[in-house]
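K.L.:
Submitted below is the structure of interest, expressed as structure tokens.
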Amino acid sequence: MALSKLDNLYRQVILDHSSHPHHHGQLQDGETVDLNNPTCGDVIKLSLKLDGGTITDIAFDGSGCSISTASASMMTDTVIGKKSEEALELADIFSEMVQGKTDDRQEKLGDGALLSGVAKFPQRIKCATLAWNALKKALENSNGSSEVANLSGHCEI
Amino acid sequence: MTIEIEKIRSDFQILDQIVNDEPLVYLDSAATTQKPQQVLDVIRAYYEHDNANVHRGVHTLAERATADYEASRDKVRAFINASSRKEVLFTRGTTTALNWVAKFAEQILQPEDEIVISIMEHHSNIIPWQQAAAKTGAILKFVYLKDGELDMADLRTKVTNRTKFVSITHVSNVLGVINPVKEIAQIAHEHGAIMVVDGAQSTPHMSVDVQDLNCDFFAFSGHKMAGPTGIGVLYGKEALLNQMNPIEFGGEMIDFVYEQSATWKELPWKFEAGTPNIAGSIGLGAAVDYLIEIGIDNIHQHEQDLLNYVMPKLREIEGLTIYGPEDNHRRGGVIAFNLDGLHPHDVATALDMEGVAVRAGHHCAQPLIDYLDLPATARASFYIYNTFADCDKLVEAIKLTKAFFGV
């Protein structure tokens, strides 16, 4: 059946993350910055807390498709407790993975590695990278200092 | 079938292909339409035999190119029943055309003047007005919806003696609803306002008579009516176009040019600076010919037939919500919908796996989508080459999608 082609993209773990996302919500103390790209119809608000360059808390909110929601959930699991430099490196590893490159370092992505199937659905790559791009911007904005940075992004299909 | 559907489909080679191991079912004509071989042949023949720059040349090819280009303008004039060819301006598309009208608004709006548009407008009929309001101190007001249609009672309160422009879409690219623009033009004129109509989703699908509508401006795109991309039309009443400053300046639109000043050419060329999209306009003329041969009323009826066939089947699907009017007579062949529990992106990807091409997102109508309190919608849209079998495939693919995701 034609929809069986979707099995690789919409694996059970991904659907679980999408319907019960981890770290869902907003952090109490923080400012929200809105990044709007209206092409697509996903909105993600990302908030995080840094302490001495380590991500001590992270949360995301908004409404999005299964891929963007699952990816955000997986991303927050992976980066919490990590130093911002390592989180940025993980963002690059993820980005290369969803564009089709295989690499052992993808294991570090945890459940995020299961989104490698997105490479076969080029129109959805930006759904998968949305949360990681928001993370990069949040980290770049806060420059590793003890700030709370909040960012929203829209998926750009 | 109202039209010779098999013959028509055979004119569109592009439909005869496999995507993701399934035959293509193209349901995204509201985004752009496919082009029949007849239109492609005319464009090709132009480049192979008649290509030259228009209006200035003395040689034979230039005369042929100019004749072809201006003949297209005459075809468009007749197609929309403009009273004069001076009122038919070629543009890049509907967006450009609406931007030009808003620029004219900037010329004449005073602070506290009002512009009235609707919440269902495409961004091309919102942002230029926001800009005009910001630059002139005019106020931008919105008419809202009732039961999936324009709230005419609301419109009557919003259009006042301070209103200078009313700009409304003829057919919504999301809700599919056909707006009573003739009646709205009357209301606008009663209050001394200029009436602008976005005809992008109407002109390809139903008969348009700008004199009967009595609108002051009317805009549409070639690529949404079986013509090429990069070409569209702004119709404007001659008196207004005479008042309006050109938007772009350069060659072709001038009469005398001195060091420090220049004078403009007469209408319509006053608004056509630079070498135009000659092949595009000739392609648009060919598209007009193609649609007239099928019969524009037949095209409208065909889409009504498809709606009457597919809507009951869609409305039977549990968890499917369709936006816009319930009555098919009130809509064109555009169906925006959502499946409970599934984001439109996921719906669109699943349908794509079944060969069914639909759109998902905001459809360049964020204010409308926000007003409907939705993240986004999926959208299927029909044109002359769609069949009852395409409708069946859409319904089947939606059901399979529901089953796959367990929603």
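Every number in this text was worked out from the coordinates using simple rules, so none of it is lab data. Keep in mind that what you see is a predicted model, and the values were worked out from it rather than measured. Neighbour counts run over all protein chains shown; Cβ positions are idealised from the backbone, glycine included.
K.L.:
As a test, work out the antiparallel percent of DSSP beta bridges whose residues both lie in region B:1-157, rounded to the nearest 5. Could you put the intermediate results ahead of the total?
P.N.:
Values: 4 of 9 bridges.
Around 45 percent antiparallel, to the nearest 5.
K.L.:
Under the rule of -39500 (n - 2.57) per DSSP H run of 4 or more residues, summed and divided by the residues of chain B, what mean residue ellipticity at 222 nm is obtained, to the nearest 500 deg cm²/dmol?
P.N.:
Details: 14 runs with 159 residues, N = 407.
The per-residue figure over chain B is -12000 deg cm²/dmol.
K.L.:
Now a separate question. Counting alpha carbon pairs within less than 8 Å and at least 6 residues apart, what relative contact order, in whole percent, applies to chain B? All intermediate terms of the calculation are to be shown ahead of the outcome.
P.N.:
Values: 799 pairs, mean separation 91.5, N = 407.
It comes to 22 percent, rounded to a whole number.
K.L.:
Treating the beta-carbon of each Lys and Arg as +1 and of each Asp and Glu as -1, no other charges, what is the dipole magnitude of region B:313-407 about its Cα centre, to the nearest 20 debye? Don't skip to the answer; put the middle values down first.
P.N.:
On the way: 9 positive and 13 negative charges, 41 e Å.
Rounded to the nearest 20 debye, it is 200 debye.
K.L.:
Can you compute the FRET efficiency between B:GLN186 and A:ASP7 using 1/(1 + (r/R0)^6), with r the Cβ-Cβ distance and R0 = 45 Å? Round to the nearest 0.05.
P.N.:
Details: r = 57 Å, r/R0 = 1.27.
Using R0 = 45 Å, I get an efficiency of 0.20.
K.L.:
Something else about it: No solvent, one uniform scatterer per C-alpha: report log10 I(q)/I(0) for region B:225-266 via the Debye equation at q = 0.32, 0.33 1/Å, two decimals.
P.N.:
Evaluating at q = 0.32, 0.33 Å⁻¹ gives log10 I(q)/I(0) of -1.17, -1.19.
K.L.:
OK, next. Excluding residues fewer than 8 places away in the same chain, name every one of the aspartates and glutamates whose C-alpha is closer than 16 Å to that of B:LYS164.
P.N.:
Cα-Cα hits under 16 Å: B:GLU106, B:GLU112, B:ASP113, B:GLU114, B:GLU190, B:ASP216.
K.L.:
Under a point spin-label approximation (7 Å from Cα along Cα-to-Cβ), what is the B:ARG44-B:GLU4 distance to one decimal in nm?
P.N.:
So the label points at B:ARG44 and B:GLU4 sit 2.1 nm apart.
K.L.:
Let me ask something else. Let me know the shape class of region B:275-318, please: from the alpha-carbon gyration tensor, a ≥ b ≥ c as square roots of the eigenvalues, rounded when a/c is under 1.5, otherwise prolate if a/b is greater than b/c, or oblate. Numbers along the way, then the final one.
P.N.:
Values: a/c = 7.31, a/b = 2.50, b/c = 2.93.
Verdict is oblate for region B:275-318.
K.L.:
Evaluate E = 1/(1 + (r/R0)^6) for B:ASP392 and B:ASN298, where r is the Cβ-Cβ distance and R0 equals 22 Å; express this FRET efficiency to the nearest 0.05.
P.N.:
On the way: r = 22 Å, r/R0 = 1.00.
With R0 = 22 Å, the Cβ-Cβ based efficiency is 0.50.
K.L.:
What does DSSP give for the protein assembly as shown in terms of the percent of beta bridges that are antiparallel, rounded to the nearest 5?
P.N.:
Values: 45 of 67 bridges.
Roughly 65 percent of the DSSP beta bridges within the protein assembly as shown come out antiparallel.
K.L.:
Please identify which residues in region B:328-359 have an amide N closer than 20 Å to a label point set 7 Å out from the Cα of B:VAL19, following the Cα→Cβ vector.
P.N.:
Under 20 Å, as judged by backbone N against the label point of B:VAL19, lie B:333-339, B:343-359 of region B:328-359.
K.L.:
Here's another thing I want to ask about it. Could you pull out every residue, at least 5 positions away or on a different chain, whose amide H is within less than 5 Å of the one on B:ARG92? Hs are placed 1.01 Å off N in the peptide plane, and Pro or chain starts have none.
P.N.:
B:ALA97, B:GLY232
K.L.:
Using amide H atoms built 1.01 Å from N in the peptide plane, name the residues 5+ places from B:ILE139, or on other chains, whose amide H lies under 5 Å from its own.
P.N.:
The answer is B:GLU112, B:ASP113, B:GLU114, B:ILE115.
K.L.:
Which values, in whole Å and largest first, are the semi-axes of the equivalent ellipsoid of chain B obtained as the square root of 5 times each eigenvalue of the Cα gyration tensor?
P.N.:
On the way: eigenvalues 258, 162, 58 Å².
Whole-Å semi-axes of the equivalent ellipsoid: 36, 29, 17.
K.L.:
At a Förster radius of 30 Å, what calculated FRET efficiency corresponds to the Cβ-Cβ distance of B:GLN211 and B:GLU70, to the nearest 0.05?
P.N.:
Numbers: r = 21 Å, r/R0 = 0.71.
Computed FRET efficiency for B:GLN211 and B:GLU70: 0.90.
K.L.:
Continuing with the same structure: Tell me, what does the Kirkwood hydrodynamic radius of the protein assembly as shown come to in angstroms if you use every pair of distinct C-alpha atoms?
P.N.:
Details: mean 1/r = 0.0389 Å⁻¹.
For the protein assembly as shown, inverting the mean 1/r across all distinct Cα pairs yields 25.7 Å.
K.L.:
Another question, then. Over 30 Å between C-alpha atoms is what I'm after, so list which of B:LYS75/B:LYS182; A:LYS108/A:LYS137; A:LYS45/B:LYS158; A:LYS108/B:LYS399 land there. Write out the running numbers ahead of the final one.
P.N.:
On the way: B:LYS75/B:LYS182 23 Å; A:LYS108/A:LYS137 21 Å; A:LYS45/B:LYS158 35 Å; A:LYS108/B:LYS399 38 Å.
Flagged as over cut-off: A:LYS45/B:LYS158; A:LYS108/B:LYS399.
K.L.:
How far apart, in nm, are two points set 7 Å out from the Cα along the Cα-to-Cβ line at A:LYS83 and at B:THR321?
P.N.:
Computed distance between label sites A:LYS83 and B:THR321 equals 4.8 nm.
K.L.:
Follow-up question, since we're still on this one. Obtain the nm distance between the two label points defined at B:HIS329 and B:ALA78 by a simple spin-label model: each point lies 7 Å from its Cα along the Cα-to-C-beta direction.
P.N.:
Distance between label points: 3.2 nm.
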